Structure formats: C-alpha cells, structure tokens
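> Next up is a structure, given as structure tokens.
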Amino acid sequence: MRNAITDISKLIEPGRIHRRVYTDPEIFELEMERIFGRAWLFVGHASQVSNPGDYITTELARQPVIMTRHHDNTVHVLLNRCTHRGAKVVNERRGHAAKMTCCYHGWTYDTDGKLLAVPVPEGCAKGFDKNAFGLVRLARMGEYRGFVFASLSAKGPSFEDHIGPMKSNIDDLVDRAPDGALVLDAGMHRYVYDGNWKLQVENVLDSYHVPFGHASTVNEKGAQFARRDGDKTGAAVVEAGKNQTAPAWKSRRSYITGNGHGWTSNTLLDDAKRSSSAFDEYRRVLAEKVGEAKATAILTPRLHNSLIYPNMSIMGLNIHIRVIKPVAVDRTEVTIYPVRLAGAPQAMNFANIRLLNVTHSAASFVQTDDLESFVRVQNGLRSHGTDWVDVSRGLGEEEPDRELNATRELATHEMAVRAQYQAWLNYMEGAA
Amino acid sequence: MAEAPDRAAFERFLFHEAHLLDERRFSDWMELFAEDGTYWVPAVPGQESPFDQASLFYDDRELMKTRIERLGHPRIHVQTPPSRTAHLVGNVVLEHTDEPLCEYLVASTVIMVEYRNERQRIFAGRQHHRLRQIGGAFRIVQKRVDLINCDSAFEAIAVPI
C-alpha cells in the first residue's frame, strides 16, 4: 500500500503536478482533512439569512452545515447534526424556523445551536447537561461585507491573514451596488461533473483555454457573444481570420497574493462604451450615490475572475459568486449565485441575472464546454503512460507588482495554477 | 373568432416540435417561436418570474439564435459527440383560451431521454406552450418546461428540452 502521507511533497514539482493529485482517493481523503478541514471556507452570504430564524444548509469538507441568523441578529455556522443520535436536523436547502427540531426524537435547538429541550427529560442520564449538547459550532467564523467564512479548525492563520489580500476583490463587486451591499436572493445555478474539484479551481484563473475551450462562443470576427447588457459585442479573444489567440487577450495579466488566491485582470470590455437603457440608468444612479469619479472607477473593468482559495470565486464580468464543493475524488458540485446589487435599478439586476443564465447555468453557452474539458481531463488522467500534468507556462517569468502587493504574469501563463499547488502543499504538509 | 382548435391540432403541433428537437433541426425549431417568443426552463419549482431568479434556460429569439449557432459550431466540445434525444409528449390538455389574442395555453407532460458518450439520462416534467394562432398555423409565444428535478445539480445540458 502506498503511503500518501510521506510522499506528498513528491507529487508537486516546479511546473508539473503528479496525476495522483487528481485521481487518488487517498489523496482526496487527506485533502478533506488537511485543506477543507483547516482552511477558511466560504459558507454563504449574510443576505441569504436576512431575518432572524432564516437558515441555509450547505456542506463544508463533505460535512452538513447550517448557517442561521439568531434572534439577536448574529450569524452562526453550525454542524447540521443532532447531538443525540446524529440525524441531520434541518433538511431543506433554505428556510425559516423559530427553533430547529430533529425529526427522529424531537430534540429542539435554538437558532444559535443551543439545545432548548428534549422530550421525556426525566429519562436523561444523571448529570446530563443540556449546555454540553448544543449543535456543534464550527471552530472559527469570519465575515467581510456579508461574505461569511468558517474554519473547521481552531488553529491556523487568522481570518484577516487569509482574506486580507483579497478584500479589494470583494470590494470590487460590492462597490458596484449603489447602496454598497449585495443581496443573494436571485436563486442559484447548480452543476456537477465527474472530475476533481481542483479542475474547476484551476479553470477560474485560466485565460489560456478561452479561445479554444470556448471556441463555440466566438464568432467569425473573433469576438465572444455579448455577455453583458449594453455591450455590442463580447471580448475579442481570437485574432480575426487567423484562428489564433488575439494579441489583446494575450496581453491580459493574472495576479497571485499567496494562500492560493489570485485574479485575472482587464476583461477588454470597456464600460465607457457600454450603453443600454438599463446600464445607463444604473450608471446614473451609482454616480448619484458615490459621485461621478468614483462611479467611473468602479465601472472600469479591473477584474475578470477572483479566486479565494480553496472553495470560492467572484466574477466581476458576469457578476456572481461561485462555490466549489468536492464530493469525491472524481466528482464535484458547484453552485453559482447571481448577486443583486442593492440600490441598482431593477432592470440592471434583471439583465445581470438573465445573462448569467447563458454564461453559467448547467445549460449555458460557456460553462458547458468547461465541464466537458473537466470530464475529459479526469478521463485522460487514468492513463499510466505519463504521470505528470504540465503547468510550466511562464515558469520563471513571474514578477512583483509592488503597487498591488502581488505577483503578476501574463494571464495565458500558468503562474496562478502553480500558486494553487504551492498553497495545496502548504496545507497538505502543514502540522495539524 | 373561430372555434378553438381541437386537441388533435395541438397534439400534432407538439409532436412536430418534439420531432424537430430529436432530429436536431434546431433552426426549424426556433422558427416555431413567434418573434416575441421565449423558451423558459425554470430552476425552482413554481418559479414565478424569469427575471428576478436564475433559470436553466430563458432565451428570447436573440439568445436562442446564439444558442443554436453554437450548437452548429464545429468545435462545440460538449456536443462532440452530439447528444441523441427521444422526446415523448403526452397528457395534452388545453388549459386556457385567450380569444381576443387567439392564444392557447396547452399543458403536456414531456419525457426526454438523452444519450451521449456512453451515458443515458432522463429529463421529465410538465410543459406549457402558449400558442398564438396566426393564419392557420401556431407560433410559440412561450414554451415553459418545469422539470421535476429543476433545482437539482445537473451535468452539462447542451440541447433544449
């Protein structure tokens, strides 16, 4: 039997990754323990539980979790597991409950997880202490502008250490809302694929694949379909008539900031040229709230995708939040939430929601070809002929960006992927 | 206004529509839609609006055209190889007649079996066609498909249901 624990560092080399990282169930189990069991994970957005008694359920490291809003208005992240015999206490994806009662023997919990009552209390063992039987709270929780993160581990870098370098990427999305807040009340897109979770994580910052992976979305002039309301065309990703990546697309950059986080910049779409009744009115409302100069700055495309490693990304282009849930070594589920910009005209929010259907739903024009690629990679990696996945593009060409306090490289290079595996190794090899 | 067509006329239309999808005649399928026609597959049961909530599909003619051009693109990876589908449409009921507009709301049950790449899967649900009678022909004002599993996580869906 291989010992996955002792040879883990041999799986990552400069510019290449061993296929076992994607295919070995033992590695996957270790990831659940050492990455998802330790890292700060995105749980949900505070607006999903806007009123006391609201809850959502999700899974972190494959464990059932509830996020609630208590009657004192605090948000709580709890394991969705009855402390009596183990049943999931809450069974809906979202809902509202003044108290949470287990279906099996009726143990009843408050919305902060406290055990309130058990049926037939006179039968409790001597010394039974209700206070010791509340729903288990995740070890640590942090929130930034409504983005709620939690860690299953009491130890490790602080929330500030983890999220600090990515705060401006969160700001980039939230500041688009004239009222400075996002609302996640527009439903969700959910898709699954037979492939490893890291294939989706890598893809978020992969600009190399776009002209080829998404060839079916590119017209004869080399531009993608218009995917934002008010754009006459999408980004020019292919050089017209040449079947080659367009120079402007090649000039885009990607950035990393440590911890596996990063982003890609400059969508090539210019908001100054963007115009529609919905967008013009939105720009007017935003400028009225924050001033003309700041509105222009907010609407100047700076970010395409931002990755907050290991389980979420934010997209400034087709605005949304994406959450990645590993299911098995070769199975991954992804949820994509459209975000409503508080204070924006309804027509703008509706347009954003509508175009996200065709970019990121399970039936969309863009996401479907990525899913096909993920499945084909997982299939291809079964081969023993070659054990290594190559991610060496631009190796050694990384350069510091002092202004942004980051490291940058051309976006069609693979620095961001390498950075993810540096973080991966740090988690996997780190002391418990 | 003329008397409402009998159920057989609606059935013939729905069977023809299903046949076009199964034959991958997507452009012909699109032509069944009125210029203001929409194709909607909600992402939650009983979804009230396609505007304020995410949907699996909500295409007007323009998006439908982009979708169908993509389905004909030689490098659409998620259709290499292409899906094969078989639609079954039944339990057809005329639910509502709007006489002034010559529009009919027709409900039916649809089952689509899809085969691609060694895998077969089933989509099933209730669909509603709002049909406008123009001359002697029907045009689709809205096709809405409520899948029984609309809020589940799906593997890639490349072809309309």
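Here, each number is a calculation from the coordinates, and none is a lab measurement. Since this is a predicted model, take the numbers as computed values, not measurements. Don't worry about glycine lacking a Cβ; one is built from the backbone with ideal geometry, like all the others, and counts go over all protein chains shown.
> Would you mind checking which residues have amide H under 5 Å from A:Arg16's amide H? H placed 1.01 Å from N; only 5 or more apart, or other chain.
For A:Arg16, whose amide H was placed from the backbone, the distant partners under 5 Å are A:Val391.
> May I pose another question? Return the sequence-ordered ³J(HN,Hα) values of segment A:295-310 in whole Hz as given by the Karplus equation 6.51 cos²θ - 1.76 cosθ + 1.60 applied to θ = phi - 60°, using x for Gly and Pro.
Residue by residue, segment A:295-310 yields 4, 4, 5, 4, 8, 7, x, 10, 10, 9, 10, 10, 10, 9, 5, x Hz.
> Next question. How many partner chain Cβ atoms sit within 10 Å of a residue's Cβ in peptide A:353-360, on average, as a whole number? Please list the in-between numbers first.
Details: counts 8, 9, 1, 2, 12, 8, 0, 1.
Average per residue, whole number: 5.
> Same structure, new question: When N counts the residues of segment A:310-402, how does its alpha-carbon radius of gyration compare numerically with 2.2 N^0.38 Å, as a ratio?
On the way: Rg = 17.7 Å, N = 93, 2.2 N^0.38 = 12.3 Å.
Working it through for segment A:310-402, the quotient is 1.44.
> Also, I was wondering about something else. Treat the count of other C-beta atoms within 10 Å as a stand-in for reagent exposure and order A:Ser151, A:Ser383 from fewest to most. Present the calculation step by step, with values, prior to reporting the outcome.
On the way: A:Ser151 24, A:Ser383 9.
Lowest count first: A:Ser383, A:Ser151.
> Which chymotrypsin sites (Phe, Trp or Tyr not before Pro) in segment B:50-143 sit in a loop by DSSP (not H, G, I, E or B) and have at most 16 other Cβ atoms within 10 Å of their own Cβ?
Numbers: sites: B:Phe51, B:Phe57, B:Tyr58, B:Tyr104, B:Tyr115, B:Phe123, B:Phe138; in loops: B:Phe51.
In loop regions of segment B:50-143 (DSSP not H, G, I, E or B), the sparsely surrounded chymotrypsin sites (Phe, Trp or Tyr not before Pro) are B:Phe51.
> List the residues, sorted by chain then number, that are 5 or more residues from A:Val43 or on another chain and whose placed amide H is less than 5 Å from its amide H.
A:Val148, A:Phe149, A:Ala150
> Cut-off 10 angstrom, C-alpha nodes, Gaussian network model of chain B. Which of B:Asp146, B:Asp52, B:Asp60 fluctuates the most?
Maximum among the listed residues: B:Asp52.
> Say the cut-off is 31 Å between C-alpha atoms; which of A:Lys167/A:Lys289; A:Lys10/A:Lys88; A:Lys167/A:Lys198 go over it? Could the numbers behind the result be given before it?
Working: A:Lys167/A:Lys289 22 Å; A:Lys10/A:Lys88 39 Å; A:Lys167/A:Lys198 23 Å.
The pairs that break the limit, which is 31 Å between Cα atoms, are A:Lys10/A:Lys88.
> Could you derive backbone 3J(HN,Hα) for segment B:112-126 from the dihedral phi with the Karplus parameters 6.51, -1.76 and 1.60 (θ = phi - 60°), listing whole Hz in sequence and x where the residue is Gly or Pro?
10, 9, 10, 10, 7, 6, 6, 10, 10, 9, 10, 10, 8, x, 9
> Taking each residue of B:96-107 in turn, how many C-beta atoms of other protein chains fall within 10 Å of its C-beta, and what is the average? Before the final figure, lay out each step's value.
Details: counts 0, 0, 0, 0, 0, 0, 0, 0, 0, 0, 0, 0.
Per residue, the average neighbour count from other chains is 0.
> Using a Debye calculation, one point per C-alpha and no hydration shell, please list log10 I(q)/I(0) for segment A:1-112 at q = 0.10 Å⁻¹ in order.
The computed values of log10 I(q)/I(0) come out as -0.43.
> What are the semi-axes of the equivalent ellipsoid of segment A:18-59, taken as the square roots of 5 times the eigenvalues of the Cα gyration tensor, listed largest first and rounded to whole Å? List each step's numbers first, then the result.
Values: eigenvalues 213, 16, 15 Å².
After scaling each eigenvalue by five and taking roots: 33, 9, 9 Å.
> In addition: For segment A:82-221, what percent of Cα pairs sit more than 23 Å apart?
Numbers: 6136 of 9730 pairs.
Value for segment A:82-221 (Cα pairs over 23 Å): 63 percent.
> Moving to a separate point now. Would you mind getting the Kirkwood hydrodynamic radius of the protein assembly as shown from its Cα pairs, rounded to one decimal in Å? Don't skip to the end; give the middle numbers.
Values: mean 1/r = 0.0387 Å⁻¹.
Final number for the Kirkwood radius of the protein assembly as shown is 25.9 Å.
> In segment B:24-81, which trypsin sites (Lys or Arg not before Pro) are in a loop and have at most 13 other Cβ atoms within 10 Å, using DSSP for the loop call? Can you show the working numbers first?
Numbers: sites: B:Arg24, B:Arg25, B:Arg61, B:Lys65, B:Arg67, B:Arg70, B:Arg75; in loops: B:Arg24, B:Arg25, B:Arg75.
Passing sites in segment B:24-81 are B:Arg25.
> Would you mind computing Rg(Cα) / (2.2 N^0.38 Å) for segment B:29-161, counting N as its residues? Write down the numbers at each step before the final one.
On the way: Rg = 15.4 Å, N = 133, 2.2 N^0.38 = 14.1 Å.
Its radius of gyration relative to the 2.2 N^0.38 Å reference: 1.09.
> Evaluate the Debye formula for segment A:158-429 with equal point scatterers sitting on the alpha carbons, no solvent, and hand back log10 of I(q)/I(0) at q = 0.07, 0.09, 0.11 Å⁻¹, in q order, two decimals.
After summing over all Cα pairs, the log10 values are -0.24, -0.41, -0.63.
> Throw me the Rg/Rh for segment A:46-144, computed over C-alpha atoms with Kirkwood Rh, two decimals.
Details: Rg = 13.3 Å, Rh = 13.7 Å.
That ratio equals 0.97.
> Looking at the protein assembly as shown, which Cys residues are left with no other cysteine's beta carbon under 4.7 Å from theirs?
Singleton cysteines: A:Cys103, A:Cys124, B:Cys102, B:Cys150.
> If you plug each phi of segment A:364-378 into the Karplus form 6.51 cos²θ - 1.76 cosθ + 1.60 with θ = phi - 60°, what whole-Hz ³J(HN,Hα) values come out, in order, with x for Gly and Pro?
Each residue of segment A:364-378 in turn: 7, 7, 9, 4, 4, 6, 5, 4, 4, 5, 4, 5, 5, 4, 4 Hz.
> Mind jotting down the distance between the C-alpha centroids of segment B:76-135 and segment A:118-133, whole Å?
Between the Cα centres of segment A:118-133 and segment B:76-135 lies a distance of 56 Å.
> Between B:Pro50, B:Pro81, B:Pro100, which gets the highest mean-square fluctuation from a Gaussian network model of chain B, Cα cutoff 10 Å?
Ranking B:Pro50, B:Pro81, B:Pro100 by mean-square fluctuation puts B:Pro100 first.
> Based only on other Cβ atoms within 10 Å, what is the fewest-to-most ordering of B:Ser27, A:Ser265?
Details: B:Ser27 14, A:Ser265 19.
Result, fewest neighbours first: B:Ser27, A:Ser265.
> Post the alpha-carbon centroid distance, segment A:355-398 to segment B:16-31, in whole angstrom.
31 Å
> If you don't mind, another one. Classify segment A:178-333 as rounded, prolate or oblate, taking a ≥ b ≥ c as the square roots of the eigenvalues of its Cα gyration tensor: rounded when a/c is under 1.5, otherwise prolate if a/b is larger than b/c and oblate if not. Let's see the in-between values first.
Numbers: a/c = 1.79, a/b = 1.19, b/c = 1.50.
Oblate, because a/c is 1.5 or more while a/b does not exceed b/c.
> Now for a separate question. Can you sort A:Asp110, A:Asp129 so the residue with the fewest Cβ neighbours within 10 Å comes first? Provide the component values of the computation, followed by the final result.
Numbers: A:Asp110 18, A:Asp129 9.
Final ranking by Cβ density, sparse to dense: A:Asp129, A:Asp110.
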